[in-house]
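One structure is given below, encoded as structure tokens.
Just so it is clear, none of the values below were taken in a lab; they were calculated from the coordinates. Please read all numbers here as calculations on a predicted model, not as lab measurements. Positions of Cβ are backbone-derived with ideal geometry, glycine not excepted, and every protein chain shown enters the neighbour counts.
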Amino acid sequence: MLHKMKLKESPFERIKNGTKTIEFRLYDEKRRKVKIGDEIEFSKLPDLQEKLLVEVLNIYRAETFKDLFEKIYIDKDEIERKTKSMYQFYSKEQEKEYGVVGIKIALLSNSFRYTYNKLVRDKIPENIDNEQGRKCKYRILDDEEYLRELNRKILEEANEFVEENSIEELGDLMEVINAIMKVKGYNKDEVRKVMKVKEKKKGAFNNKIFLEYVNEEKRNLAEEKELNKDFRK
């Protein structure tokens, strides 16, 4: 199982160079799920772009940080110093509520990992893997996931077109529209027919009309709901 955690720069770099092999945390709900043999992906604060992948080798449990450090270390000064440092991040009230844990880890990879979690064109994984020093992981979506990601993708491509107004971005947007039509079983003639019906009723967008406001004698709840949609703000 893969777990994801955030780390400040100093401990992140010490894991990276091998001088830090145990990560100390509160034994909260998230940490209770970590088991020996699991993997943890650490993301470096503040931008979370650089990541480290480690394997969990052992788990040490205790009620307090001092008790925990006494299980692991011998030198009393080191125990006191480490205990004091933990209270810079966690309160004694939190310590009492959750208990504490030491997670012994081994570095698996210190490469950069960039997480996308988005639908991409069919040849993208092959193109990435053919580049030296790059390797990607992907999976095939089921039909329900595919349509959901196409819906997200059309917003992404629309925003990119708005930023650039280029023919390339317009092509990307149309590519996603064509994919949605295929999934939904729509053909171009059907779409054109629907467009013509709406054009006849409401017109097209040829006359550059920009509606500023509408005055109404009575409150129009349907209109308010429409105007309050997130994408209109």
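Numerical summary
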read-out: DSSP beta bridges in the chain [antiparallel fraction, %, rounded to 5]; value: 75
read-out: Projected-area average for the chain over all orientations - Cα convex hull basis, square nanometres; value: 21.5
read-out: Radius of gyration and Dmax over the Cα atoms of region 2-109, both given in Å; value: 13.4, 37
read-out: Two-decimal Rg/Rh across region 100-233, once Rg and the Kirkwood Rh are taken from alpha-carbon atoms; value: 1.12
read-out: Region 143-205, Cα convex hull volume normalised per residue, Å³; value: 100
read-out: Residue order, fewest to most beta carbons within 10 Å, for Lys96, Lys16, Lys218; value: Lys218, Lys96, Lys16
read-out: Order of Ile22, Ile167 - criterion: other Cβ atoms within 10 Å of each residue's Cβ, fewest first; value: Ile167, Ile22
read-out: Listed pairs Lys118/Lys208; Lys118/Lys184; Lys71/Lys137; Lys4/Lys82; Lys118/Lys198 exceeding 29 Å between Cα atoms; value: Lys118/Lys208; Lys71/Lys137; Lys118/Lys198
